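Engineer: To start, I am sharing the structure in question, which I have written as structure tokens.
Taken together, the values in this text are just the output of simple stated rules run on the coordinates, not laboratory data. On a predicted model such as this, the values are computed, not experimentally measured, just so you know. All Cβ positions, glycine included, derive from the backbone under ideal geometry; neighbour counts span all protein chains shown.
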Amino acid sequence: MSSTVIGVDQRLRDQAITACCLAAAALGDPDLAARRKGSALMSCLGVLTSAYPVGRAPTMAQFRCGLRRPLRELLPDDFDLAGVGDLVLLDEEGQFSDEARDLCLEHLVPSAALEEHWPWAKVATEQEERRIYEVLRRLPSKEYTRARELLVEMPSGDLRKLRRTWDGLWGRIDHYEPIVEWTWCQIRGWWFACPMCRWPMRVVDRGTVVEVRCEAHARSGVIYTCHADGTADRAPILQPVGPRASEVKGQPATQEARAVSRVIWRYVTLPGILERDLRDHARGVGAEVDMWPHKDRYDLRITLGRKVWRVDAKAWASPVALGEALRDTEPAEPGLIIVIPDHQRASRGLLADMLRGAGYRVMTATDLKNDIDKAAEAWR
Ligand SMILES: [Zn+2]
């Protein structure tokens with residue numbers, strides 16, 4: 001992420017998005033007292049109002065209602081919202097939606113009016129992401145690669161096993177947190193790792209039957225249901241609902257159960273899974289693949305005959321925020337390919353437009369695989 005000079009329009013827009021996200025987070029927080037909710041909503045509406053011409057801003061009732069509708073309906077018509085306009089901040093249960101949380105961090109613009117209400121200011125994505133890369137960068141090349149691999153392969157696990165696997169690197173990379181402190185992923189003291197990314201899945205309260213789903217992979221079908229009642233001494237049994245919901249066993253949320261922080265999961269683990277998938281595909285058709293050839297300058301170098309692809313995989317929730325972060329940075333290599341997940345296909349054009357002239361190419365994972373396949377056929 002870059003810290004760049006932000007245009008006035010962009011800042012107004014990001015402030016308005018920040019205000020809407022914060023209002024939704026406050027409204028969706030079951031532990032927040034009604035009085036504090038009210039005062040957070042007032043501050044947020046104040047910030048949103050300043051983005052509108054006089055007399056055109058939504059009323060408090062419209063504001064509250066709008067948080068459950070596509071974001072574009074809450075913001076002025078002339079805002080450039082491509083990519084995030086469809087996002088609904090509060091889900092059907094009135095909870096702050098998972099994607100909104102990340103969107104929020106990516107568009108985060110601190111403002112004095114919101115400061116006292118802002119719960120995540122301390123864990124601003126950028127800072128935490130930067131911190132992990134600083135730690136990683138200090139490692140010698142081989143250990144750097146090993147650490148990146150482990151953050152992808154073991155985003156959660158038992159402390160003893162983590163220590164054993166990380167071995168000499170443990171202690172230098174201390175980015176695992178006790179799952180026992182994360183109530184959002186537990187049923188009666190048990191937690192469940194996503195079969196696709198191995199990070200704790202979210203438990204969504206729907207009464208006697210709860211839903212368990214991976215924030216990133218629910219859209220691919222990692223969704224289960226589970227009876228909320230029962231005793232704590234036996235692991236709750238998950239019933240698969242989605243097509244990718246393979247069998248998952250509950251694990252006790254003890255002090256020893258650890259997982260990487262949410263920021264590492266989103267910005268290191270998730271793109272890492274995409275990178276691994278691309279690597280396996282490319283190797284499958286006979287290409288040579290180097291992972292993180294120059295530490296974090298870029299992620300993958302794929303070589304097939306005389307053709308070379310240099311790739312950076314990104315799994316940001318907001319393609320617009322990604323585009324803005326990249327727009328003012330020089331690509332690490334000319335023609336660096338930014339690969340986004342297939343589900344963001346609709347935003348590929350937008351991202352390419354934003355990065356026009358900046359020296360990047362934008363592809364979805366499938367685009368890149370097709371490109372590699374085509375080259376492989378020609379090469380044979
Ligand atoms: Zn997952």
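Engineer: List the residues, sorted by chain then number, that are 5 or more residues from Gln186 or on another chain and whose placed amide H is less than 5 Å from its amide H.
Structural biologist: Residues meeting the criterion, in which the H sits 1.01 Å from N, are Val203.
Engineer: Right, another one. According to the Kirkwood expression over distinct Cα-Cα pairs, how big is the hydrodynamic radius of the chain, in Å?
Structural biologist: Numbers: mean 1/r = 0.0448 Å⁻¹.
Roughly 22.3 Å, rounded to one decimal.
Engineer: Which FRET efficiency value, to the nearest 0.05, do you get for Glu181 and Asp277 by plugging their Cβ-Cβ distance into 1/(1 + (r/R0)^6) with R0 = 35 Å? List each step's numbers first, then the result.
Structural biologist: Details: r = 31 Å, r/R0 = 0.89.
The calculated FRET efficiency here is 0.65.
Engineer: At R0 = 45 Å, how high is the FRET efficiency between Arg160 and Arg68 if r is their beta carbon distance? Nearest 0.05 is fine. Write down the numbers at each step before the final one.
Structural biologist: Numbers: r = 44 Å, r/R0 = 0.98.
Efficiency, from the Cβ-Cβ distance: 0.50.
Engineer: With r defined as the distance between the Cβ atoms of Arg36 and Glu377 and R0 fixed at 56 Å, what FRET efficiency is calculated, to the nearest 0.05? Don't skip to the answer; put the middle values down first.
Structural biologist: Working: r = 61 Å, r/R0 = 1.09.
The formula returns an efficiency of 0.35 here.
Engineer: Here's something else I'd like to know. For segment 128-271, max minus min Cα coordinate along each principal axis, in Å, sorted largest first?
Structural biologist: 50, 30, 23
Engineer: Something else now. Tell me, in nm to one decimal, what length is gained between Lys249 and Val135 on full extension, where the rule is 0.36 nm per residue of separation less the Cα-Cα distance?
Structural biologist: Values: separation 114, 0.36 × 114 = 41.04 nm, distance 3.33 nm.
Roughly 37.7 nm would be gained on extension.
Engineer: Please rank Ser347, Ser97, Ser39, fewest neighbouring Cβ atoms within 10 Å first, as an exposure proxy. List each step's numbers first, then the result.
Structural biologist: Numbers: Ser347 22, Ser97 19, Ser39 14.
Ascending number of Cβ neighbours within 10 Å: Ser39, Ser97, Ser347.
Engineer: Quick one: 3J(HN,Hα) in Hz for segment 196-210, Karplus 6.51/-1.76/1.60 with θ = phi - 60°, rounded, Gly and Pro as x.
Structural biologist: Rounded to whole hertz, the list is 8, 10, 6, 8, x, 8, 7, 9, 9, 6, 10, x, 6, 10, 9.
Engineer: A follow-up question, please. Check which residues have an amide H placed less than 5 Å from Ile337's amide H, if you skip close sequence neighbours.
Structural biologist: Correct list: Arg310, Val311, Asp312, Arg361.
Engineer: Within 10 Å of each candidate Cβ there may be at most 16 other Cβ atoms; applying that plus a DSSP loop requirement, which trypsin sites (Lys or Arg not before Pro) in segment 248-312 survive? Walk me through the numbers before you get to the answer.
Structural biologist: Details: sites: Lys249, Arg258, Arg262, Arg266, Arg276, Arg279, Arg283, Lys295, Arg297, Arg301, Arg306, Lys307, Arg310; in loops: Lys249, Lys295, Arg297, Arg306.
Answer by residue number: Lys249, Lys295, Arg297, Arg306.
Engineer: Quick check: the distance between the Cα centres of segment 193-231 and segment 262-319, to the nearest angstrom?
Structural biologist: 28
Engineer: Using the structure shown, list the pairs from Lys249/Lys295; Lys295/Lys369; Lys295/Lys374 with a Cα-Cα distance above 31 Å, or answer none.
Structural biologist: Numbers: Lys249/Lys295 35 Å; Lys295/Lys369 23 Å; Lys295/Lys374 28 Å.
Beyond 31 Å between Cα atoms: Lys249/Lys295.
Engineer: Still on this structure: With a cut-off of 8 Å between alpha carbons and a minimum separation of six or more residues, what is the relative contact order of the chain in percent? Please report the intermediate quantities before stating the final value.
Structural biologist: Values: 597 pairs, mean separation 53.1, N = 380.
For the chain, the relative contact order is 14 percent.
Engineer: Turning to a different aspect of this structure: Looking only at the chain, where both bridge partners belong to it, what percent of the DSSP beta bridges are antiparallel (to the nearest 5)? Numbers along the way, then the final one.
Structural biologist: Numbers: 31 of 40 bridges.
That works out to approximately 80 percent antiparallel.
Engineer: Beyond 26 Å, what percent of the Cα pairs of segment 263-379 remain? Show your work: numbers first, answer last.
Structural biologist: Details: 903 of 6786 pairs.
The calculated P(r) of segment 263-379 puts 13 percent of pairs beyond 26 Å.
Engineer: Note the direction-averaged projected area, equal to a quarter of the hull surface, for the Cα convex hull of segment 183-252, in nm². It would help to have the intermediate numbers written out before the result.
Structural biologist: Numbers: hull surface 16.0 nm².
If I average the Cα hull's projected area over directions, I get 4.0 nm².
Engineer: Translational diffusion coefficient, Stokes-Einstein: compute it for segment 226-270 using the Kirkwood radius over C-alpha pairs as Rh, at 10 °C and 1.306 mPa s, and state it as an integer in µm² s⁻¹.
Structural biologist: Working: Rh = 13.2 Å.
Answer from the Stokes-Einstein relation: 120 µm²/s.
Engineer: Using only helices, what value at 222 nm comes out for the chain when you add -39,500 (n - 2.57) per DSSP H run of length 4 or more and divide by the total residues, to the nearest 500 deg cm²/dmol? List each step's numbers first, then the result.
Structural biologist: On the way: 12 runs with 137 residues, N = 380.
Helices in the chain give a 222 nm mean residue ellipticity of -11000 deg cm²/dmol.
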